[in-house]
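Heads up: the structure comes next, in structure tokens.
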Amino acid sequence: MTDFAAASVEEHVRALNDGEVSAVELVDGAIKRIEARDGAINAVIIRNFDAARSQAQAADQARKAGERLPLLGVPVTVKEAYATKGQPTTWGLEPLRGVLAAEDAVAVTRLKNAGAIVLGKTNIPPSLGDWQSVNPIYGRTNNPHDLTKTPGGSSGGSAASLAAGYVPLEIGSDIGGSIRVPSALCGTFGHKPSWELVPMCGHTPGGVAGAKVLLGVGGPMARTANDLDLALSVLAGPDDDEAHGYKVALAAPRATRLKNFRVLVLDAHPIAPTDSEVAAAVNALADDVAKAGAKVMRASPALPDLAKAFDNYNTMLFTIISRFGANAKPISAHAWMNELDAHEAFRKQWAAFFKDIDVVLSPTFGVPAFPHNDDPAWEKRTMRVGDKDTRYGDQLGWPSIAAHAHLPSTAFPIGRTKSGLPLGAQAMGGYLDDRTTIAFAAAVEEELGRKAILAL
């Protein structure tokens, strides 16, 4: 292999181990692709190229000395919101322009300890609060498949970096679809882990330490499902004082071949309008999964009430994300505890549901990549779904299912629209059944040929 623009992490590592390529060559190739293509896309907004070349040289020396690490010599980029020592971590907020992180976020440390070489950081919306990636500090990131459209957000630069052929691995974060939506809109893979599986220390504005953010998670983004599993093995596990007392031991996947999965298909949501091409692609995939031998169901009496769950999620989400906003509307401590009680009840419903179902297959988002919209007020924005203008915020419906209940969800590509834009689906599973949802995506990729859709 001479061009690694479309290569997976596994292919990078295999080529390095076999001596077919050096880390220096991989890093130089990635840098050349960024310098050649990123002017129009604007995904990699902080560049660490000189240090990356030095680290590549050190990786090659370590490999010659016999050292083997999961990601030794593999070039990666990371979402700007993760603190990276000596680099800006602004969250796209003008008051934090020029603020440099004093130390790496835990997730970044784990990538580096596994041998990954961080080339730079990728773009986001302000405070990670949009399915677009534009802010006053770094400007706008465009979708590599169509520059007039968004790559998604808030990990939009992350997905664009993968889809444009820069690097094979990224780390994003997700509280309202911020890993999964960009993956769907750019044609790549992304995994929203079960809550607390990946430590989020260092994923805060300005690197300020604070309480754990309920619902929010960090996770890997890649070009194959197997790479998600590899990266999750690097990223997952407790940190600091928690690590002193316990370690993570995720269950094996419930199945690895499509014929052994029990699948519930959802193609409509009571809150989120869904484009006909998106729904058709999910249903076509469901038919193919059934033909492969899986037990595919279209309804279940045990399915929690998605509309009521969304109401609980919506209240919790906007209480969390508006905390420091100028027009925040605080709720009482007792009201918050009532929301937590409702939240726990829904989680128990999902636990019972997943006793008889392995994965829920659904759209990741209700529409493919959509045109940029700079209106700062979500309530004034609309989302075109088919021939109708709908409320922009209603699209939280699909991402909310897994985010609300702390469930793992793996986003993966399933095809293209008539105009050539990527289409995606998500597989959601029981709490801490992360390897099951990734295994389902891997089986779809391997058995049905739903590969990453790259803009090369």
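What relative contact order, as a whole-number percentage, does the stretch 349-456 give when Cα pairs under 8 Å and 6 or more residues apart are counted?
Relative contact order, the stretch 349-456: 30 percent.
Could I have the simple spin-label model distance between ASP374 and TYR246, label points 7 Å from Cα toward Cβ, reported in nm to one decimal?
Using points 7 Å along Cα→Cβ, the separation is 4.9 nm.
List the chymotrypsin sites (Phe, Trp or Tyr not before Pro) within the stretch 310-392 that DSSP assigns to loop and that have no more than 10 neighbouring Cβ atoms inside 10 Å.
Passing sites in the stretch 310-392 are PHE324.
Based on the alpha carbons, how large is the Rg to Rh ratio for the stretch 52-191 when Rh follows Kirkwood?
Dividing the radius of gyration by the Kirkwood radius yields 1.00.
In terms of Cα to Cα distance under 12 Å, which aspartates and glutamates are near enough to LYS247, apart from those fewer than 8 places away along the same chain?
Those aspartates and glutamates meeting the cut-off are ASP239.
So for each of 421-427, 432-438 I average, over its residues, the number of other beta carbons within 10 Å; can you give me the resulting order with the highest mean first?
Ranking, from highest mean packing down: 421-427, 432-438.
May I ask what percent, to the nearest 5, of DSSP beta bridges between residues of the chain are antiparallel?
75 percent
Give me the percent of the accessible area of the chain that comes from carbon and sulfur atoms, probe 1.4 Å, all protein chains in place. Present the calculation step by step, with values, prior to reporting the outcome.
Numbers: 9430 of 18000 Å².
Carbon plus sulfur share of accessible area: 52 percent.
So which lysines pass the test for LYS308, namely a Cα distance under 18 Å, with those fewer than 8 places away in the same chain ruled out?
LYS348
Short version: what are the Cα gyration tensor semi-axes of the stretch 1-87, square root of 5 times each eigenvalue, largest first, in whole Å?
22, 16, 11
Taking N as the number of residues in the stretch 248-381, what is its alpha-carbon radius of gyration divided by 2.2 N^0.38 Å? Show your work: numbers first, answer last.
Values: Rg = 18.6 Å, N = 134, 2.2 N^0.38 = 14.1 Å.
Dividing the Cα radius of gyration by 2.2 N^0.38 Å gives 1.31.
Any idea how far apart ASP50 and GLU94 come out in nm if each label point goes 7 Å out from Cα toward Cβ?
3.1 nm
Residue by residue, what Karplus-based ³J(HN,Hα) values in Hz, rounded to whole numbers, does the stretch 97-102 have, using 6.51, -1.76 and 1.60 with θ = phi - 60° and x for Gly and Pro?
Going residue by residue, I get 4, x, 6, 9, 6, 7 Hz, with x marking Gly and Pro.
Calculate the spin-label point distance for ASP311 paired with GLU446, positioning each point 7 Å from the Cα along the beta-carbon direction, and give it in nanometres.
It works out to 4.4 nm between the two label points.
Grab the DSSP H runs of the chain that are 4 residues or longer, score each as -39,500 (n - 2.57), total them, divide by all residues and round the 222 nm result to the nearest 500 deg cm²/dmol.
-10500 deg cm²/dmol
Regarding the chain, what's the average projected area of the Cα-atom convex hull, expressed in nm²?
Result: 20.5 nm².
Once Rh is set to the Kirkwood radius over Cα pairs, what Stokes-Einstein translational diffusion coefficient, in µm²/s, holds for the stretch 151-276 at a temperature of 25 °C and a viscosity of 0.890 mPa s?
151 µm²/s
In terms of modelled amide H atoms, which long-range or inter-chain residues lie less than 5 Å from the amide H of ALA425?
Excluding prolines and chain starts, which carry no amide H, the hits are THR364, PHE412, ILE414.
Can you compute the equivalent ellipsoid semi-axes for the stretch 53-109, i.e. the square root of 5 times each eigenvalue of the Cα gyration tensor, sorted largest first and rounded to whole Å?
29, 10, 9
With a probe of 1.4 Å, find how much accessible area the chain has per residue, and write the answer as a whole number in Å². Could the numbers behind the result be given before it?
Values: 18000 Å² over 456 residues.
Per-residue value: 39 Å².
Suppose the chain between ALA62 and THR382 were pulled fully straight at 0.36 nm per residue; how much longer would it get relative to their current alpha carbon spacing?
Fully extending the segment from ALA62 to THR382 adds 109.9 nm.
Which of SER161, ALA83, LEU147 sits closest to the plus end of the dipole of the chain, meaning its Cα is farthest towards the positive end, when Lys and Arg get +1 and Asp and Glu get -1 on the C-beta?
Value computed over the given set: LEU147.
Under 5 Å between amide hydrogens, which residues at least 5 positions from ILE117 or on another chain qualify, with H placed 1.01 Å from N in the peptide plane?
Residues meeting the amide H criterion: GLY73, VAL74, VAL76.
How high is the relative contact order of the chain, given as a whole-number percent (alpha carbon pairs under 8 Å, six or more residues apart)? Working shown, then result.
Working: 1070 pairs, mean separation 78.9, N = 456.
Computed over the chain, the figure is 17 percent.
If you look for lysine pairs in the stretch 48-159 that are eight or more places apart or on different chains, how many of them have Cα atoms under 29 Å apart?
Lysine pair count for the stretch 48-159: 10.
Less than 11 Å Cβ to Cβ from TYR392, Lys/Arg counted +1 and Asp/Glu -1: what total charge do the surrounding residues give?
Overall, the nearby charge balance is -1.
Return the FRET efficiency for the residue pair ALA36, ALA299: r is the Cβ-Cβ distance, R0 is 60 Å, and the value is rounded to the nearest 0.05.
0.75
The values are calculated or read from the model by the stated rules, or taken from the named source; none is laboratory data. Predicted, not measured: the structure shown is a model, and the values here were computed from it. Because the Cβ atoms are built from the backbone with ideal geometry, glycine has one as well, and the counts that use them run over all protein chains shown. When the accessible area is computed, the model is the full protein with side chains, heavy atoms only, and any ligands, DNA or RNA have been set aside. Shrake-Rupley method; radii C 1.70, N 1.55, O 1.52, S 1.80 Å.
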